[in-house]
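Right, one structure below, let's go through it.
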Amino acid sequence: MSKTISLTLRVWQQNGPRDRGRLETHLAGDISTDMSFLEMLDVVNERLTLEGREPIAFDSDCREGICGMCGAVVNGRPHGPEKATTLCQLHMRHFADGDTVLIEPWRSRAFKVVRDLAVDRSPLDRIIMAGGYISAGTGAAPDANAIPIPQETAEKAMDAAACIGCGACVAACPNGAAMLFTGAKVSQLALLPQGRPEAAQRALSMVCAMDEAGFGNCTNERECEAVCPKEISITNIARLNREFLKAGFFSRVRTPARSGAGKAD
Ligand code: SF4
Ligand code: FES
């Protein structure tokens, strides 16, 4: 049954990437437990605006767990306390009246704070631009059985394709690695016949883009898998490593040197 709760929020506020930032305290009173976490922040922001103060900046779009735009570290955990749940799908019923809630942005060398809880996740876009596509002409929709694909393979590709690019895996990783994200994006294409022609170049280019963006390397902490709202498995990191090594052996393209690259095998 729905009820109302009141919380004390300790929110990271930072005017831009060069500002030092600080924790500010806000009261969130009369919050319905049916609200989502973002709706709770909307209520706080409405009150701040009516008082003539700056609202708390945060990202969101679909608010349905689909787009990957939302994200903040709540009480030390990316996307908050509920497993397999984005921040926009986290409900206030998971908090108790009188709780103090610590809210921080994704913290990673590769993600610069734009303002408060909003961070620049364009480094993930650059990894996709480096190879997260196929160049086969699409044309008209082919017959569903034109290229037979074993169901188990199709399921694995679909599971990898569930990644919404939120960046929680990076925020959770002590090394700030984007291996789970990149592994998912490489896997969803490498598993299917349509993605094989460019598989080698894709693995090399995406790993190169990942390193250039300043992401760290995987040391098998598995924090990424634990916080991923789409439950992307670290077997995708192992597949990324295999694709990368295969590309190095069999392709004429030189394998970029890596320091301690992904050890999730
Ligand atoms: S792997 Fe999971 S946590 Fe990482 S970007 Fe994709 S959906 Fe988000
Ligand atoms: S706002 Fe789209 S996933 Fe949360």
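Could you tell me whether any residue of region 50-71 is surrounded by fewer than 19 Cβ atoms within 10 Å (Cβ to Cβ), more than 23 Å from G167 (Cα to Cα), basic (K, R) and without any contact (Cβ under 8 Å) to a residue 40 or more places away in the chain? Yes, that holds for at least one residue. Within region 83-102, the set of residues being within 14 Å of ligand 1 (Cβ to nearest atom), open to solvent by 20 Å² or more (accessible area, probe 1.4 Å) and part of a loop (DSSP other than H, G, I, E, B) comprises K83, A84, T85. Among the residues of region 20-51, the ones that are assigned to a loop (DSSP other than H, G, I, E, B) and within 24 Å of the chain's Cα centre (by Cα) come to 2 in all. Residues that are near ligand 2 (Cβ under 7 Å from one of its atoms) and among the polar types (S, T, N, Q) are absent from region 68-75.
Scanning region 228-249 for residues that are more than 17 Å from A161 (Cα to Cα), open to solvent by 10 Å² or more (accessible area, probe 1.4 Å) and of a type in the set (A, V, I, L, M) yields one hit, L245.
Going by what's in this entry, would T100 be described as in contact with a strand residue (DSSP E or B) (Cβ under 8 Å, 6 or more places away or on another chain), touching a residue at least 40 places away in the same chain (Cβ under 8 Å) and of a type in the set (V, I, T)? Spell out how you get there, then give the answer.
On the way: in contact with a strand residue (DSSP E or B) (Cβ under 8 Å, 6 or more places away or on another chain): yes; touching a residue at least 40 places away in the same chain (Cβ under 8 Å): yes; of a type in the set (V, I, T): yes.
For T100, the condition - in contact with a strand residue (DSSP E or B) (Cβ under 8 Å, 6 or more places away or on another chain), touching a residue at least 40 places away in the same chain (Cβ under 8 Å) and of a type in the set (V, I, T) - is met.
Being at positive phi, at pLDDT below 95 and assigned to a loop (DSSP other than H, G, I, E, B) holds for only one residue in G165, G139, and it is G139.
What's the number of the only condition in (1) touching a Cys at 6+ places or on another chain (Cβ under 9 Å); (2) open to solvent by 30 Å² or more (accessible area, probe 1.4 Å); (3) within 17 Å of C228 (Cβ to Cβ) that R77 fails to meet? It is condition (1) that R77 fails.
The values are calculated or read from the model by the stated rules, or taken from the named source; none is laboratory data. Everything quoted here is computed from the prediction, not taken from an experiment. As a convention, Cβ positions derive from the backbone with ideal geometry for all residues, glycine included, and neighbour counts pool all protein chains shown. Accessible surface areas use protein heavy atoms only, side chains included; no ligands, DNA or RNA. Shrake-Rupley method; radii C 1.70, N 1.55, O 1.52, S 1.80 Å.
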